[in-house]
Amino acid sequence: MSTDTMKTIRLHEFGGPEVLRYEEAPIPELKLGEVLVRVHAVGINPPDWYLRDGYKDLPPEWRPPVPFPVILGSDVSGVIEAVATDVQGFSVGDEVFGMVRFPSFGESAAYAEYVAAPASDLALKPAGIDHVHAAGAPMSGLTAWQFLIELGHNEPNPLQPERHRPLPLSGKTVLVNGAAGGVGHLAVQLAKWKGAHVIAVASGMHESFLRELGADEFIDYTKSPPEDIAHDVDLVLDTLGGPTTGRFLRTLKRGGALFPVFLGYPDAEEAAKRGVIVSMTQVRSNGPQLAEFGRLLDAGTVRVANDSTFPLVDARKAHERAAGGHIQGKIVLTVV
């Protein structure tokens, strides 16, 4: 590799995992407000394969233009190699992690040896965890945080006219659907941290894992529909969302709330009749929130589970693993 190029994973067309190309690209140039990070690990997330597929599951008017070739990814953990002149609070040699520029496109993204990241998107990596686990934290952790704890911004909500508002969790019953996945397993832990009684929904293979994370009850959806078992729930965080999210309306008590993480619009009339709030938001990069979350990681209050790890060159295999489902925690690419 020459001194001005890096290895990366880029898209030149939409498609399945086979369109992911391992190739050289220019090292990004540092701009004001940014730091250059030598990437050690990359967390992969659903938006990565939504982009790879051409956002085919989004309404056409929501599909952003994609300037090929494009580097995938947002979540990184690594070491700062350079700092723009106007950046304060970070220095060369600092270990950092973050979700870079999400949800917007930038000239620099995560599946690469280097990323030029806005300093405001980053936080110091918790000393108590390694780069692999730190890289798995940003998007999933911030999604759980912004849905459940604090939204942390005033940007317009692209998913609904109203601003999403997290609810107090202490003493409440919270059901997390898709509890073993990236967002789900962190949401279980955050809800417990805030004093909630947590019901975890996943396949039976994940029960012991979720109980170790603090789940008070467990529902194996392969044996019984959760909506037939859970009742008088205060809040459902449906990390899967989609067209079936409305089934959770009948698990909620009057005045309860349903938070679908992925696009899901249950019957508005039924929700109103039941007195249920339905609210969504889109996660956004937020370094200060990530620093708060990082303190929980450092203290061991919350931990990131690692489903599997692949070298950057095998990003295709990582995406194939994601497509296989039944993920327990996070899939991470290593860049060493």
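The mean sequence distance of close C-alpha pairs (under 8 Å, at least 6 residues apart), as a share of the length of the range 143-278, puts its relative contact order at 19 percent. Taking the C-alpha atoms only, the angle from helix 182-193 to the longest principal axis of the chain is near 60 degrees.
As a proxy for reagent exposure, ranking R211, R101 by other Cβ atoms within 10 Å from fewest up yields R211, R101. Listed cross-link partners K7/K330; K7/K125; K31/K317; K31/K330; K56/K330 are compared with a 25 Å cut-off, the Cα-Cα value being larger for K31/K317; K31/K330. The length gained by stretching the chain between K223 and V66 to full extension, at 0.36 nm per residue less their Cα-Cα distance, is 52.4 nm.
Extending 7 Å from Cα along the Cβ direction at K31 and again at Q282 yields two label points whose distance is 1.8 nm. Here the range 260-304 is treated as an ellipsoid with the same Cα gyration tensor; its semi-axes, largest first and in whole Å, are 33, 13, 9.
Relative contact order for the range 34-124: what is it in percent, counting Cα pairs under 8 Å that are at least 6 residues apart? Relative contact order for the range 34-124 comes out at 39 percent. Just check the range 40-180 against the gyration tensor rule for me: Cα atoms, a ≥ b ≥ c as the square roots of the eigenvalues, rounded for a/c under 1.5, and otherwise prolate or oblate depending on whether a/b exceeds b/c. Note, shape of the range 40-180 comes out oblate.
Dipole of the chain computed with +1 at Lys/Arg Cβ and -1 at Asp/Glu Cβ about the Cα centre; of V335, P26, S140, farthest Cα towards the positive end is S140. Calculation over all alpha carbon pairs of the range 143-278 in 5 angstrom steps from 0 returns a P(r) of 2, 11, 22, 25, 22, 12, 4, 1, 0 percent.
Note on W145, W62, W193, W49: ascending count of other Cβ atoms within 10 Å places them as W62, W193, W49, W145, the fewest first. Residues within the reach of a label modelled at N154 (point 7 angstrom out along Cα to beta-carbon, backbone nitrogen below 13 Å), restricted to the range 102-146: there are none.
Based on Cα contacts under 8 Å between residues 6+ apart, the chain shows a relative contact order of 19 percent. A protection proxy built from the mean count of other Cβ atoms within 10 Å ranks the segments 166-173, 117-124, most packed first, as 117-124, 166-173. If you run the Gaussian network model on the chain, springs between alpha carbon atoms under 10 Å, then out of H131, H319, H231 the most flexible one is H231. Given R0 = 45 Å, the distance between the Cβ atoms of S91 and E13 translates into a calculated FRET efficiency of 0.65.
How many angstrom separate the Cα center of the range 264-329 from the Cα center of the range 219-253? Here the two parts' Cα centres lie 17 Å apart. Translational diffusion of the chain was estimated from the Stokes-Einstein equation, with Rh taken as the Kirkwood radius over Cα pairs; at 4 °C and 1.567 mPa s the coefficient is 64 µm²/s.
Helix 138-148 and the long axis of the chain differ in direction by around 30°, with both axes built from C-alpha atoms. Of the beta bridges in the chain, as assigned by DSSP with both residues counted there, near 55 percent are antiparallel.
Per-residue extension of 0.36 nm, minus the Cα-Cα distance of S104 and R211, leaves a gain of 34.9 nm for this segment. Between 0 and 90 degrees, the angle of helix 287-299 with respect to the longest Cα principal axis of the chain falls at about 80 degrees.
If only the Cβ of Lys and Arg carry +1 and only the Cβ of Asp and Glu carry -1, the dipole of the range 68-190 around its Cα centre is close to 560 debye. For K273, the lysines whose Cα comes closer than 28 Å to its Cα, not counting residues fewer than 8 places off in the same chain, are K172, K253. Which one of M99, M139, M205 has the biggest mean-square fluctuation once the chain is modelled by GNM with Cα springs under 10 Å? Of the options given, M205 has the highest mean-square fluctuation.
Fewest-first ordering of S108, S74, S224 by other beta carbons within 10 Å of each residue's beta carbon gives S224, S108, S74. Over the chain, DSSP H runs of length four or greater, each weighted -39,500 (n - 2.57), average out per residue to a 222 nm ellipticity of -6000 deg cm²/dmol. Most mobile of K31, K192, K273 per a Gaussian network model of the chain (Cα springs, under 10 Å)? Maximum fluctuation in the GNM of the chain, among the listed residues, is at K273.
Values quoted throughout were computed directly from the atomic coordinates according to the rules given, and no laboratory measurement underlies them. Predicted model, so just to flag it, every value in this text is computed and none were measured. Because the Cβ atoms are built from the backbone with ideal geometry, glycine has one as well, and the counts that use them run over all protein chains shown.
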